[in-house]
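Notes follow the structure.
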């Protein structure tokens, strides 16, 4: 949804992490997804992120 001074974006975010163990320095890769809503507002001719909400997507 977009108007002249407001916009909302709904997206699926993919995140990748690498976790390391101290003793052997071997990492494991972790993946996660979240559904996100970002709200923007145009002020003084620039777009600003004014609100963000994310919820995890649970896998079975």
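For the reader, a short list of remarks on this structure follows.
- When 46, 6 are arranged by Cβ crowding within 10 Å, least crowded first, meaning fewest neighbours, the order is 46, 6.
- Within the listed set 15, 44, 32, the Gaussian network model of the chain (springs between alpha-carbon atoms below 10 Å) gives the highest mean-square fluctuation for 44.
- Gained length - residue 50 relative to residue 28, 0.36 nm times residue gap less alpha-carbon distance: 4.5 nm
- Extension gain, residue 36 back to residue 6 (0.36 nm per residue minus Cα-Cα distance, nm): 9.1 nm
- Cα-based shape type of the chain, given that a ≥ b ≥ c are square roots of the gyration tensor eigenvalues and the cut on a/c is 1.5: prolate
No lab work stands behind these numbers, since they all come straight from the coordinates. Quantities reported herein were computed from a predicted structural model and do not represent experimental measurements. Here the Cβ is made from the backbone with ideal geometry for all residues, glycine too, and neighbour counts use every protein chain on show.
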